[in-house]
Amino acid sequence: MSSTPRPLVAGNWKMNGLSASISEIETIAQHYDAGLRAKVELAICPPATLLSRAAPIVAGAEIRLGGQDCHAKANGAHTGDISAEMLADAGAAYVIVGHSERRCDHGESDALVRAKAEAGLRAGLAPIVCVGETRAERDAGRASEIVERQLDGSLPQDVAPERLVVAYEPVWAIGTGLTPTLQDVAQMHAAIRARLVTLFGAGAGATRILYGGSVKPANAGELLRIANVDGALIGGASLTAKDFLAIAEIYR
């Protein structure tokens, strides 16, 4: 495993979770003991409707909460949007920006992703900036080129590297049950680390690089032990306390 700062395992609930789902967060909090806390940081990114209800539950367990997206502006006439300041006010410490489902479904550009990441920093949140290639881009041999371009365009400048998290998520592996080979993941994470050094200098080792894309208990052990993999951004497996905790336990 990486020698960079404490690994981060973050759960992205996406558009899932109602009031009854709070019980899963309660279970995670109950089992996140001091021994596990010393090894790995946990974050849960539920729908915004559950943030304020989850905040008092996770506070004592030192689990962080995150939003799944934010608007670039702090307030204004933007019906249906949520600002980074609102997320922070509800108890969030992180915000996911640039997830492939936002880039693909909503046409978000690198410039917009950067503006959202800057908004998160403005509000005191740590942005989890997502990057990743499609199957066609990988088959064309352009995976590294695409990811490096996204990093250049999506990451804020003049920021302490430890305030940023990068999540590599091969678009074709999200929710499909498919995963790249361990060699593919290792190569991409090494390329991301090298690009971060170019952008931020020697301090780039403080930026955690998460792997996302069909991470589950069955494959987490191998994935999380790859060099430059500093944790995971988990989708479906984060919806149940049992699976989410099983992935975190890899670090114990």
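By how many nm would the segment from Glu145 to Gln183 lengthen if fully extended, with 0.36 nm per residue of separation less the alpha-carbon distance?
Net length gain for the segment: 11.9 nm.
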- Task: Could you tell me which of the pairs Lys39/Lys73; Lys39/Lys242; Lys39/Lys116; Lys14/Lys116; Lys14/Lys216 are separated by over 27 angstrom between their Cα atoms in the structure shown?
- Result: Lys39/Lys73; Lys39/Lys116
- If each of Arg37 and Glu222 carries a label point 7 Å out from its Cα toward its Cβ, how far apart are those two points in nm? 3.4
- Can you list the HN-Hα couplings for the range 197-213, worked out from phi with the Karplus curve (6.51, -1.76, 1.60; θ = phi - 60°), rounded to whole Hz and with x for Gly and Pro? 5, 4, 7, 10, x, 4, x, 4, x, 7, 7, 7, 10, 9, 9, x, x
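For the range 178-217, what does the equivalent ellipsoid look like in terms of its semi-axes, each the square root of 5 times an eigenvalue of the Cα gyration tensor, given largest first in whole Å?
On the way: eigenvalues 107, 24, 8 Å².
Taking √(5λ) for each eigenvalue gives 23, 11, 6 Å, largest first.
Scaled to the compact-protein estimate 2.2 N^0.38 Å, what is the alpha-carbon radius of gyration of the range 79-183, rounded to two decimal places? Before the final figure, lay out each step's value.
Numbers: Rg = 14.4 Å, N = 105, 2.2 N^0.38 = 12.9 Å.
Its radius of gyration relative to the 2.2 N^0.38 Å reference: 1.12.
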- Message: Please list, ordered by chain and number, the residues whose modelled amide H lies under 5 Å from the amide H of His71; skip anything fewer than 5 residues away on the same chain.
- Response: Ile82, Ser83, Ala84
- Message: Test of understanding: extend the Cα→C-beta vector of Ala202 to 7 Å, then name every residue of the range 144-187 with backbone N under 14 Å from that spot.
- Response: none
- Message: Between the range 72-102 and the range 216-251, what is the separation of their alpha carbon centroids in Å?
- Response: 26
- Each label sits 7 Å from Cα toward the beta-carbon; between Gln30 and Ala59 the label points are separated, in nm, by 2.1
- Message: Taking the Cα of Ile22, stepping 7 Å toward and past its beta carbon, and measuring to each backbone N in the range 60-78: which are under 19 Å?
- Response: 60-67
- Helix-only [θ] at 222 nm, the chain, -39500 (n - 2.57) per DSSP H run of 4+, per residue, nearest 500, equals -12000 deg cm²/dmol
- Task: Quickly work out the Ala74-to-Asp89 label distance, labels modelled 7 Å from Cα along the C-beta direction, and quote it in nm with one decimal.
- Result: 1.2
- Item | Spatial extent of the chain: Rg and Dmax, with the Cα atoms as the point set, Å | 16.7, 48
- Message: When a/c reaches 1.5 or more, the comparison of a/b and b/c decides; with that in mind, is the range 1-124 rounded, prolate or oblate per its Cα gyration tensor?
- Response: prolate
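Every number here is computed from the coordinates shown, using simple stated rules; none is lab data. Remember, it's a predicted structure, so these values are computed and weren't measured experimentally. When we count neighbours, we look across all protein chains shown, and the Cβ atoms used for this are built from the backbone with ideal geometry, even at glycine.
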